[in-house]
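The values are calculated or read from the model by the stated rules, or taken from the named source; none is laboratory data. Computed from a prediction, not measured in an experiment: that's the story for all the values here. Only protein heavy atoms, including side chains, enter the accessible area calculation; ligands, DNA and RNA are left aside. Shrake-Rupley method; radii C 1.70, N 1.55, O 1.52, S 1.80 Å.
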Amino acid sequence: MQLFNRDAEQLEQWMATREAIIQSEDVGEAAEGAEALIKKHEDFTKTLAVQDVKINALKDNADRLIDNNHYDSPAIAERIHAVLAR
């Protein structure tokens, strides 16, 4: 359960940071802005692939805890649902 909570917290922090970047409208000057946006997109795509592995591992851990009738299964199910919905 502690590992699940730690991993969920890390993923939620990563998502919050990326959501802020995505919502940012700061593009700078036209040419520099386009290049910066392309670089940000490439970086985002790379890190998203890595995070996808972590998200799947978190889901597997949540499923395992729930399947083993962990005493806090409802909270685990709610948290994994929130993470996956983001």
| task | Please work out the average accessible area per residue across the chain, using the 1.4 Å probe convention, and give it in Å². | result | 74 Å²
| task | Heavy atoms only, probe 1.4 angstrom, no DNA, RNA or ligands counted: give me Val53, Val83 ranked by accessible area, highest first. | result | Val53, Val83
| request: Compute the long axis of helix 30-67 from its Cα atoms, compare it with the longest principal axis of the Cα atoms of the chain, and write down the angle in degrees, 0 to 90, nearest 10. | output: 0 degrees
